[in-house]
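Below: one structure, written as structure tokens.
Every read-out reported here was derived from the displayed coordinates using simple, explicitly stated rules and does not represent laboratory data. Everything numeric in this text was worked out from a predicted model, so none of it was measured. Here the Cβ positions follow ideal geometry from the backbone for every residue, glycine too, while neighbour counts run over all protein chains shown.
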């Protein structure tokens with residue numbers, strides 16, 4: 001029995017390839033069952049996100065080529081299409097890889113927290129589909145525990161390392177309770193969408209999306225229970241906004257000092273937090289000179305991100321030490337499974353011998369032998385039966401000079417090195 005992980009991710013494959021092997025929620029249960037119906041595949045969990053698709057399997061007879069072939073067959077692809085992008089890990093490397101993934105050490109943004117929730121969902125889906133069993137169940141529960149320890153014991157997730165996340169983190173420092181705040185997001189690109197997602201996750205009160213194309217603004221606002229406006233409508237709504245994050249492709253400023261001054265008067269000088277991510281800038285530099293305005297540019301954010309990335313890199317080194325330790329711990333548990341089977345077999349043999357000798361001792365009692373004679377027979381016979389095979393094998397090892405076997409027997413049975421002679 002062996003552990004195997006195969007997959008592709010943002011490091012090995014472009015999005016055009018990752019799209020081809022993605023497992024959406026509508027097909028993943030069917031995929032799990034299809035994979036575990038493959039000869040030699042006993043358990044399976046599939047993790048599929050925008051940045052990675054990975055299959056974690058317990059195999060008995062199957063190999064990496066079988067799983068790669070299943071992946072291409074399931075998606076109707078030629079193996080040559082994706083084989084240059086596939087990586088695989090076996091046994092100990094599988095364990096270490098999963099721990100790195102769940103801890104955010106293998107993510108596009110180092111230490112990002114969303115991946116742990118995605119790993120948990122992947123396992124739950126497999127558990128519900130009955131495609132994960134004892135081994136993967138133990139591995140994934142172990143993984144969740146280690147990932148939690150890494151989050152607790154290191155600073156891997158404490159410092160923002162994307163502009164959108166950094167902006168929202170700064171906003172939370174200024175406004176402790178985002179549920180009472182309104183955010184105005186200017187633009188509708190990837191950074192603004194990510195900022196909206198972070199704000200929504202942290203319970204922002206309201207989101208307003210302003211964009212040159214109203215249809216695009218409306219589509220983004222709908223995702224987060226917000227409402228949309230056009231760029232010319234910004235002055236009308238600016239006073240409502242406590243947080244402004246702007247990222248457009250406009251060659252000229254979208255917000256000028258006069259517009260912001262008017263909004264501050266309407267707000268009775270309640271503070272406004274502004275992040276201008278655009279290059280060239282969306283917000284006139286003079287706005288930063290106004291009282292009650294906290295204005296940050298993309299350069300300010302980049303300094304925060306670079307400092308925080310250094311902090312996360314240090315935390316990642318600490319996290320890898322934890323991962324190495326817990327990988328060894330899980331490997332020890334895996335090896336103990338083989339020993340457990342051997343122990344069970346040995347105990348069954350010993351119990352069989354005991355029952356045989358016990359029945360003969362009982363017969364002696366029934367035939368008139370004294371209890372002392374029957375007990376002496378029981379002890380003598382059982383001792384001989386239990387010691388016969390080990391004694392024979394130790395004697396053979398001595399005769400043939402198998403020192404390693406003799407040393408192993410000495411360790412196993414705690415025999416005196418002098419053979420019992422004092």
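Brief remarks on what is shown
- Comparing 330, 224, 144 in a Gaussian network model of the chain, where Cα atoms under 10 Å apart are tied by springs, the biggest mean-square fluctuation is seen for 224.
- Computed [θ] at 222 nm, helices only, for the chain once each DSSP H run of length n ≥ 4 contributes -39500 (n - 2.57): -18000 deg cm²/dmol
- Gained length - residue 279 relative to residue 379, 0.36 nm times residue gap less alpha-carbon distance: 27.0 nm
- Built from the Cα atoms of region 163-306, the convex hull projects on average onto 7.5 nm², one quarter of its surface area.
- Zone of residue 318's modelled label, taken as backbone nitrogen in region 98-116 under 17 Å from a point 7 Å along Cα→Cβ: 103-105, 110-113
- Virtual paramagnetic centre 7 Å along Cα→Cβ of residue 393, amide N under 19 Å, in region 343-374: 343-354
- Per-residue extension of 0.36 nm, minus the Cα-Cα distance of residue 50 and residue 179, leaves a gain of 43.5 nm for this segment.
- Overall form of region 257-300: prolate. Here a/c, set by the Cα gyration tensor axes a ≥ b ≥ c, is 1.5 or more, and a/b is the larger of a/b and b/c.
- Using C-alpha pairs under 8 Å with a sequence gap of at least 6, the mean separation divided by the residue count of the chain gives a relative contact order of 12 percent.
- Modelled spin labels at residue 303 and residue 63, positioned 7 Å past Cα toward Cβ, are 5.7 nm from each other.
- Most mobile of 77, 412, 337 in a GNM of the chain (Cα contacts under 10 Å): 412
- Binning the C-alpha pair distances of region 194-249 at 10 Å intervals from 0 yields a P(r) profile of 23, 61, 16 %, listed from the shortest bin outward.
- Projected-area mean, the chain, by convex hull of Cα positions, square nanometres: 33.3 nm²
- For region 1-117, the Stokes-Einstein estimate of translational diffusion at 4 °C and a viscosity of 1.567 mPa s comes to 90 µm²/s, using the Kirkwood hydrodynamic radius over alpha-carbon pairs.
- Mean Cα-pair separation over length for region 163-306, i.e. relative contact order, pairs under 8 Å, 6 or more apart, %: 23 percent
- Pair residue 153, residue 262: separation of 7 Å Cα→Cβ label points (nm): 5.8 nm
- If you run the Gaussian network model on the chain, springs between alpha carbon atoms under 10 Å, then out of 243, 394, 204 the most flexible one is 394.
- The smallest convex shape that holds all Cα atoms of region 344-413, its convex hull, gives 95 Å³ per residue.
- For region 44-92: rounded, prolate or oblate by the Cα gyration tensor [a/c cutoff 1.5]: oblate
- Net lengthening on full extension, residue 108/residue 369 (0.36 nm per residue, minus Cα-Cα): 86.0 nm
- Relative pair counts by distance (%), Cα atoms of region 304-395, 5 Å bins: 3, 11, 11, 11, 9, 8, 7, 6, 5, 5, 5, 5, 4, 4, 3, 2, 1, 1, 0
- DSSP bridge orientation in the chain - percent antiparallel, rounded to nearest 5: 45 percent
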